[in-house]
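*Asks:* Quick one: this structure, given as structure tokens, is what I'll be asking you about.
Every read-out reported here was derived from the displayed coordinates using simple, explicitly stated rules and does not represent laboratory data. Note that the structure is predicted; figures quoted are calculated from it, not measured. Note that each Cβ is placed from the backbone with ideal geometry, even for glycine, and that neighbours are counted across all protein chains shown.
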Amino acid sequence: MRRVRYHEYGGPEVLRVEQAEVPVPGEGQVLVRAEAIGVNFVDTKYRQGPEAGAIFQRPLPGTLTGDVVGTVEAVGQGVEGLAVGERVAALVAEDAYADYVLAAAQWIVKVDEGVDHGSATMLPMGAPVALRVLRTGGLTPGESVLVHSAAGGIGHFALQIARLLGAGTVVATAGSDAKLEFAREHGADIAVNYTEQNWTGAVRAAVPDGVDVLLDAVGGDVLRRSFEVLAPYGRAVTYGAASGDLISVPVTSVFALKSLAGFNLTAWRTARPEQARAEMDELAGYVAEGKLTAAVHATVPLAEAAEAHRLLDDRAALGRVLLVP
Ligand SMILES: NC(=O)c1ccc[n+]([C@@H]2O[C@H](COP(=O)([O-])OP(=O)(O)OC[C@H]3O[C@@H](n4cnc5c(N)ncnc54)[C@H](OP(=O)(O)O)[C@@H]3O)[C@@H](O)[C@H]2O)c1
């Protein structure tokens, strides 16, 4: 079978297609034949190596994560409730860019035949993150929400889920006109370019009382300035640092009755496994009912994985980028 790895850090061109044996599932694992692989932003950072910053380190040879939808080919010892031939989606932690992948059975999602590739690849990770960051922010119906980097994979799901949860005004930020238009098409009432100096003024003009829940995975200056647009009792949730900038937020940012919470999927699943599992089923239901759909920006052959990374490096992707074997 083919798999993609990198043996040096650098640009997308370091991704190499190589031949490997089809892996054998160990205890608690499932072998999946890939139908499509959702590309995650974090791997573009790991691929860059030390220059990407301290939180994005992976040793060489570099393997890639991915959200794989496909068919169960074999099950390892101790796996219950999953059978050969079933269509599933899984967050694959290593060697996800491959014809066959190994996945931990615990967090696999069963996927109806009618569900499209792109939406299916959001079920193991992107959708649970989008839902849980909104709930970590304590969103209640009618409250306003701001989603940063809203045209990204997780961002455009957060917009749609905010709507499903009954949010009031939904504000999106992103870095280009095309992304702002895309965010409006996916549920934002207002879209603001946060690369412009006065983006906070534009948000304040649209939501004069400030936003109640704010989601950020950019970090740095974007997170620091976010407190200017947060309402009293507003809650900001940080769940990533795409900018690579891990500046601290001064404690004075939250003096005016504001708060900042952090979210990480692994920490959430460890702390509340049953609730995490129930939310995956809730999201699979929204997708099966057509209430939640992924926009696929590009579907790229596995052998051209570098092209998929180039789209993310260039910040060109609207929604999801997929690889297909
Ligand atoms: N906490 C968790 O458990 C968890 C799990 C999965 C993912 N994440 C994080 O969630 C975020 C979204 O993930 P995703 O896979 O859906 O990615 P994505 O949103 O599709 O891509 C990342 C986005 O970040 C924005 N960005 C801002 N500054 C950037 C910079 N300096 N370089 C590149 N992009 C920059 C870009 O949007 P603009 O061009 O509009 O600025 C880009 O579209 C990532 O930060 C990821 O690490 C967290």
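*Asks:* What are the residues whose amide H is under 5 Å from the amide H of Tyr233, where those residues sit 5 or more places off or on another chain and H is modelled from the backbone?
*Replies:* Lys258
*Asks:* Quick one: Val24, Val79, Val109, fewest Cβ neighbours within 10 Å first, how do they rank? Before the final figure, lay out the partial values.
*Replies:* Numbers: Val24 10, Val79 19, Val109 24.
Ordered by Cβ neighbours within 10 Å, fewest first: Val24, Val79, Val109.
*Asks:* Now for a separate question. Apply the Karplus curve 6.51 cos²θ - 1.76 cosθ + 1.60, θ = phi - 60°, to the phi angles in segment 39-50 and return the couplings in whole Hz, x for Gly and Pro.
*Replies:* So the Karplus estimates, Gly and Pro as x, are 8, 9, 3, 4, 5, 5, 6, 4, 4, 6, x, x Hz.
*Asks:* Looking only at Ala205, Ala242, Ala130, which one moves most when the chain is put into a Gaussian network model with springs between Cα atoms under 10 Å?
*Replies:* Ala205
*Asks:* Here is a follow-up. Under 10 Å, Cα contacts only: if you run a Gaussian network model on the chain, which one of Gly152, Gly66, Gly11 comes out with the highest mean-square fluctuation?
*Replies:* Gly11
*Asks:* Using a Debye calculation, one point per C-alpha and no hydration shell, please list log10 I(q)/I(0) for segment 1-63 at q = 0.15 Å⁻¹ in order.
*Replies:* Log10 of I(q)/I(0), two decimals: -0.57.
*Asks:* To continue, here is another question. Round to a whole angstrom and tell me the spacing of the C-alpha centers of segment 7-46 and segment 145-161.
*Replies:* 26 Å
*Asks:* Let me ask another. Only bridges whose two residues both fall in the chain count here: according to DSSP, what percent of them are antiparallel, nearest 5?
*Replies:* If we restrict to bridges inside the chain, about 55 percent are antiparallel.
*Asks:* Working from the alpha-carbon coordinates of segment 127-267, get Rg over Rh, Rh being the Kirkwood radius.
*Replies:* Rg divided by Rh gives 0.92.
*Asks:* In whole angstrom, note down how far apart the Cα centers of segment 192-219 and segment 78-139 are.
*Replies:* Here the answer is 32 Å between Cα centres.
*Asks:* Out of Glu86, Glu228, Glu289, any idea which swings most in a Gaussian network model of the chain, alpha carbons joined below 10 Å?
*Replies:* For the chain, modelled as a Gaussian network with Cα springs under 10 Å, the answer is Glu289.
*Asks:* Once amide H atoms are placed 1.01 Å from N in the peptide plane, what residues at a sequence separation of 5 or more from Leu146, or on another chain, have their amide H within under 5 Å of its amide H?
*Replies:* Amide H to amide H, under 5 Å and 5 or more residues apart or across chains, Leu146 pairs with Val171, Val213, Leu214, Leu215.
*Asks:* A further question follows. Show me 54-61, 213-220 ranked by packing, highest mean number of other Cβ atoms within 10 Å first. Intermediate values should be presented prior to the final figure.
*Replies:* On the way: 54-61: 12.4, 213-220: 24.5.
Output ranking for 54-61, 213-220: 213-220, 54-61.
*Asks:* Through the Karplus equation 6.51 cos²θ - 1.76 cosθ + 1.60, θ set to phi - 60°, convert the phi angles of segment 136-145 into ³J(HN,Hα) values in whole Hz; use x for Gly and Pro.
*Replies:* 4, x, x, 4, 10, x, x, 6, 7, 10
*Asks:* Amide H to amide H, which residues 5 or more places from Asp95 or on other chains are under 5 Å from it, using H placed in the peptide plane?
*Replies:* Counting only residues 5 or more places away or on other chains, the set is Leu64.
*Asks:* Under 18 Å from a point 7 Å along the Cα-to-Cβ line of Val17: which residues of segment 68-103 have their amide N that close?
*Replies:* 95-101
*Asks:* Can you put Lys258, Lys45 in order of Cβ neighbours within 10 angstrom, beginning with the fewest?
*Replies:* Fewest-to-most Cβ neighbours within 10 Å comes out as Lys258, Lys45.
*Asks:* Need the full-extension length gain, Glu289 to Val84, defined as separation in residues times 0.36 nm minus the C-alpha distance. One decimal, nm.
*Replies:* Taking 0.36 nm per residue and subtracting the Cα distance, the gain is 71.3 nm.
*Asks:* In whole angstrom, and with the biggest value first, how far do the Cα coordinates of the chain range along each principal axis?
*Replies:* 58, 39, 33
*Asks:* Given the -39500 (n - 2.57) contribution per DSSP H run of 4+ residues, what per-residue ellipticity at 222 nm results for the chain, rounded to the nearest 500 deg cm²/dmol? Provide the component values of the computation, followed by the final result.
*Replies:* Values: 10 runs with 93 residues, N = 325.
Roughly -8000 deg cm²/dmol at 222 nm, from the helical runs in the chain.
*Asks:* Need one number: nm distance between label points at Arg225 and Thr266, each 7 Å from Cα along Cα→Cβ, rounded to one decimal.
*Replies:* Placing both labels 7 Å along Cα→Cβ, they lie 3.2 nm apart.
*Asks:* Starting with the fewest neighbours, write out Val129, Val101 ranked by other beta-carbon atoms found within 10 Å of each beta-carbon.
*Replies:* Final ranking by Cβ density, sparse to dense: Val129, Val101.
*Asks:* Place a +1 charge on the Cβ of each Lys and Arg in the chain and a -1 charge on the Cβ of each Asp and Glu, then give the dipole magnitude about the Cα centre in debye, rounded to the nearest 20.
*Replies:* About 660 debye.
*Asks:* In terms of Cα to Cα distance under 28 Å, which lysines are near enough to Lys45, apart from those fewer than 8 places away along the same chain?
*Replies:* Those lysines meeting the cut-off are Lys179.
*Asks:* Then there is this: Which ³J(HN,Hα) values, rounded to whole Hz and listed in residue order, are derived for segment 113-127 from phi using the Karplus coefficients 6.51, -1.76 and 1.60 in 6.51 cos²θ - 1.76 cosθ + 1.60 with θ = phi - 60°, glycine and proline given as x?
*Replies:* So the Karplus estimates, Gly and Pro as x, are 4, x, 7, 5, 3, x, 5, 4, 6, 7, 5, x, 9, x, 5 Hz.
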